[in-house]
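Note sheet for the following structure.
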Amino acid sequence: MATAERTYSDAEIEERLKKELPHWHLEGGWIRRKYKTNSWKGTLMVINTVGHLAEAAWHHPDITASYAWVEVRLTNHAAKGITDKDFELAKKIEDVVHWQPATEGGALEGCPADDMRFAYIKYDKPKK
């Protein structure tokens, strides 16, 4: 028999989001994040990325999309609240969607930043 998963209070969720996932917020019992893209192509790429990660993790978010944005919402329906599964999947989504190879100094150069034909996602500006 499966054991009950720990759910977090709103105050605990807000604190974890502030520390671990500053671009996510709590609303209506979900942790949420809107990713801005440059086009429908970028939107589809984000949706497919989130879908792959969710299926691999066996923890599935709700996704809403439009031409130049994707909103990801996570909650644990079985546990009736936000659990570690939600935080862990949100972190993995952040890591993959906002990966910028060009900033790592390796062989991978990333999408050309100065040519909108190849623009993919609107990356968050670094916090100072």
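Please list, by residue number, every one of the chymotrypsin sites (Phe, Trp or Tyr not before Pro) in the stretch 1-100 that is coil in DSSP and has at most 13 other beta-carbon atoms within 10 Å. Walk me through the intermediate numbers first.
Details: sites: Tyr8, Trp24, Trp30, Tyr35, Trp40, Trp58, Tyr67, Trp69, Phe87, Trp99; in loops: Tyr8, Trp24, Trp58, Tyr67, Trp99.
Loop-located and lightly packed - Trp58, Tyr67.
From the backbone phi of the stretch 22-35, what are the Karplus-calculated ³J(HN,Hα) couplings (6.51 cos²θ - 1.76 cosθ + 1.60, θ = phi - 60°) in whole Hz, Gly and Pro given as x?
x, 9, 9, 9, 9, 7, x, x, 10, 8, 9, 8, 9, 9
Label Gln100 and Trp40 with points 7 Å out from Cα along Cα→Cβ: what is the distance between them in nm?
2.8 nm
Under a Cβ-Cβ cut-off of 15 Å, what is the net charge of the residues other than Val70 that fall near it, where Lys and Arg count +1 and Asp and Glu count -1?
+3
Putting +1 on Lys and Arg Cβ atoms and -1 on Asp and Glu Cβ atoms, find which of His77, Pro22, Pro61 reaches farthest to the positive end of the dipole of the chain.
Result: Pro22.
Using only DSSP helix segments of four residues or longer, with each worth -39500 (n - 2.57), what per-residue ellipticity at 222 nm results for the chain after dividing by its residue count and rounding to 500?
-11000 deg cm²/dmol
Place a +1 charge on the Cβ of each Lys and Arg in the chain and a -1 charge on the Cβ of each Asp and Glu, then give the dipole magnitude about the Cα centre in debye, rounded to the nearest 20.
Its charge dipole is roughly 300 debye.
Any read-out appearing in this document is the output of simple, stated calculations on the displayed coordinates, not a laboratory observation. All figures in this text were calculated on a predicted structure; none of them were measured in a lab. Every residue, glycine as well, gets a Cβ built from its backbone with ideal geometry; the counts of neighbours run over all protein chains shown.
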